[in-house]
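Structure first, then comments.
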């Protein structure tokens, strides 16, 4: 046995055991091939109330906020016209996000698809994604964008370099819900696919 | 003898699997795991193959979040416009699509927290081709529905890995700089407007340096160009609008170097007059 083989393997195991992640590995039941693992791309989303979801609670066109939701989730509601009806619900920093890339690369984050399910016909959900430190040549965000009822994709933030350590890209996602006087209260959930990639 | 090589192979494969976790641990793992945290490795795949040859390898997916996830694969063709923005297309619709030749498995798998899954891909390429590409997407759904009461939304992360396959016999990438313009921006930086095209049949990720010096010698600073390693695809024209700075208002000398092929570097010096 060539003992020099163990040196790089030993270093890899040391690296693997040195960090805070211990990963179990599962192989797909297909062919065995030579592998070439290099570089890594990490996308993290942290919800203010749970990992991947956020609830405004029960909403209506009067801008009422469920006391439980308002207290625990920090939703701000504004009744635009108390007698007549429409309202906005806003949650700042509903999510935080992070992108880590090694080696450094240019990354885009966009809504690639969205779907809606439920009984309530709600006007519009808008998202606002900002990047700490700003985006190249375009302020800190692309502004509020309406969650599309169907593709095509919609940019949230894009064209920023992401690296590791101090060069990790991060920011927040604000959410804004408009409830019109024609909307019917009930349950409604959007599923939003947020794509992060580069070329 | 077979056992000897088999042991060696298994050791190497095990080391490769753990290396993805090692990279995660070294470069980006937070002290506390995020609620939703997914990672892929490698994040860009560029394969050079001989005509008629196949390619095969793995992409590792790690769920370093707190919840189990259902991971599904999707493919997309993509184009890149003059400003570097990528546009997805249905798989198999672009002439450069690798999708018809690519096999990848498993198509969907449940990944537990702190688990890594290796997705294996292979492609048998035709004898006559120069450059194929496809985006492999990893769609990460929660195993259970999370929003139940009232109005809310669920975010489903999706990570893209571009896979490029290029013929070793294809004409190597060669950048031609059509124009370059330097000016001062109102914010006190230098502004570069660069137009170039790739005359080759293979990708290039041009690396550059901008070295700015003031005439009085008090300022000297180096800025990277294309630090995000964006590619210029075969036959593609590309524009870059970049700012470097801040820089002083004095007379400046700008030394610009840019790799234009595997063996050549563009090098020019520009004089920028003092700001009025």
Query raised in the report: What number of residues within the range B:142-196 are within 13 Å of chain A (Cβ to nearest Cβ) and assigned to a loop (DSSP other than H, G, I, E, B)?
Result: 12
**Report entry** Test: residue in the range B:234-244 that is assigned to a loop (DSSP other than H, G, I, E, B) and free of Cβ contacts under 8 Å to residues at least 24 places away in the same chain
**Finding:** no
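Yes or no, residue by residue, for (1) at pLDDT below 65; (2) part of a strand (DSSP E or B); (3) facing chain B (nearest Cβ under 9 Å); (4) in contact with a strand residue (DSSP E or B) (Cβ under 7 Å, 6 or more places away or on another chain):
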position	(1), (2), (3), (4)
A:25	yes, yes, yes, yes
A:29	yes, no, yes, no
A:42	no, yes, yes, yes
A:51	no, no, yes, yes
A:61	no, no, no, yes
A:83	yes, no, no, no
A:88	no, yes, no, yes
A:95	no, yes, yes, yes
Report task. Examine the range B:200-220 for a residue that is within 14 Å of chain A (Cβ to nearest Cβ) and surrounded by fewer than 15 Cβ atoms within 10 Å (Cβ to Cβ), and state whether such a residue exists. Result -> yes
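The values are calculated or read from the model by the stated rules, or taken from the named source; none is laboratory data. Keep in mind that this is a model prediction, so the values were computed, not measured. Counting neighbours? That spans all protein chains shown, and the Cβs are built from the backbone with ideal geometry, glycine included.
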